[in-house]
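Quick note: the coordinates plus some simple rules give every number you see, no bench work behind them. Owing to the predicted nature of the structure, the values given are computational and were not obtained by experimental measurement. Methodologically, a virtual Cβ is constructed for each residue, glycine included, from the backbone with ideal geometry; neighbour enumeration extends over all protein chains shown.
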Amino acid sequence: MVQRRHLLRLAPAALAAPALAAPALALLAPRTARADEVTLRLHHFLPAVSNVHRHFLAPWAKKVEEASNGRLKIRIFPSMQLGGAPPQLYDQARDGVADIIWTLPGYTAGRFPRIEVLELPFIANRSGLANARATQAFAEKHLAQEFSEVQPLCFWAHDGGLIHSRAPVRRLEDLRGMKLRFPTRQAGEGLRALGAAPVGMPVPQVPEALSQGVLDGAVVPWEVVPSIKLQELVRNHTAFPGSPTFYVATNVLAMNKAKYQALPADLRAVLDAQSGQAAAAMVGAMLDEQAVTVADLARKRGNTLIELEEAEVARWREACRPVTEAWVAQMKERGTDGAALLAEAQAMFRQYAA
């Protein structure tokens, strides 16, 4: 009888135990996604420590998530973690291997001929913000057909590119025979016109190529330098005063078209609001800020920062004139008025510089 009364006293506590434990178990259990949540995979070619990843893509993804009240998330996969090589990124977005990609159109030379006008020697500004906004404006007006296989989210061109080299470059003659990495077809043509020996390759391959003597230097903007430790591999950094600058490369943040169209209308609106000129201004401001930071990093290492004299730049511009003329002629052969595109590109760069 005593045992029965003891069991009856324990029964309410036993019944209450699951209810008391439930909140704690709920905290430990993995969170299940809401039915109306969407997670997109963003794939790119540089490591997570790179400036574009840390100071543009990650903050941009966070802004998208916050603007959607947590319903639209973007998970970033750096360093080609989803497979493939940098020149394949555009096709990965087109084919749905990744939902969103960041790449350089110049990695597939000749595939996007219209955007090359922005990459011609001595066309773009030194300012990343001006270049990013001008590139986005030009793309909205002229590049819809060229990039019709994907849903472009943002275009930009970086701030003025530099020549980073083992030996100092102060005069045109210093470039003769120098093996320099270039990112785009037009940058390569510009270097060839200046007497260098251009070598095309995606930027992640630069450190190994420098260490093996395949390269004497590389042409990249300041913001790329720390991600490949270029400031430790070369000692000289040659910049160009004012605008127009020697070279820029264009970039695109693009999404799989079917994935974009499948988003609920309100989430598409959120993504659209954070894309286009809003994203271009964000990345452009970051580029200008990092140019100052990284230049200081190189200076503190004891590296030599060189800025060409104006008279010397005039010699370089004259040497590169045939590159622009050849591009205009090539576009005419394709049935496109390259001279008109060139004039509009120059006008847009001036407009956004102002």
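Brief remarks on what is shown
- At R0 = 35 Å, FRET efficiency that the Cβ-Cβ distance of Glu344 and Phe77 yields, to 0.05: 0.45
- Gyration tensor verdict on region 161-224 (Cα atoms; rounded if a/c is under 1.5, prolate if a/b is larger than b/c, oblate otherwise): rounded
- Principal-axis analysis of the Cα atoms of the chain puts helix 338-353 at an angle of about 60° to the longest axis.
- Close amide H contacts of Ile123 (hydrogens built in the peptide plane, cut-off under 5 Å, sequence separation of 5 or more or a different chain): Thr245.
- Straight-line cross-link partners of Lys300 among the lysines, defined as a Cα under 27 Å from its Cα and at least 8 positions apart when in the same chain: Lys179, Lys229.
- Helix axis angle, 310-333 relative to the chain longest principal axis, alpha carbon, degrees: 80
- Ala85-Glu208 pseudo-label distance in nm [points 7 Å out on the Cα-to-Cβ vector]: 1.1
- Within the same chain, lysines fewer than 8 places from Lys257 are excluded, and of the rest, those with a Cα less than 21 Å from its Cα are Lys73, Lys141.
- Remark: relative contact order (the chain) = 24 percent; criterion is Cα-Cα distance under 8 angstrom and separation of 6 or more residues.
- Between 0 and 90°, nearest 10: helix 277-300 axis offset from the chain longest Cα axis: 70
- Rounded, prolate or oblate (a/c below 1.5 giving rounded, otherwise prolate when a/b exceeds b/c) for region 268-354 by Cα gyration tensor: oblate
- Applying the Karplus relation 6.51 cos²θ - 1.76 cosθ + 1.60 with θ = phi - 60° to region 84-97 yields 3J(HN,Hα) values of x, 10, x, x, 8, 4, 4, 5, 5, 5, 4, 8, x, 4 Hz, where x marks Gly and Pro.
- Here each label is just a point 7 Å from Cα along the line to Cβ, and for Glu173 and Thr304 those points are 1.6 nm apart.
- Taking 0.36 nm per residue of sequence separation and removing the Cα-Cα distance, the Glu140/Ala273 pair yields an extension gain of 46.4 nm.
- Loop sites in region 215-285: trypsin sites (Lys or Arg not before Pro), DSSP, at most 12 other Cβ within 10 Å: Lys229
- DSSP bridge orientation in the chain - percent antiparallel, rounded to nearest 5: 50
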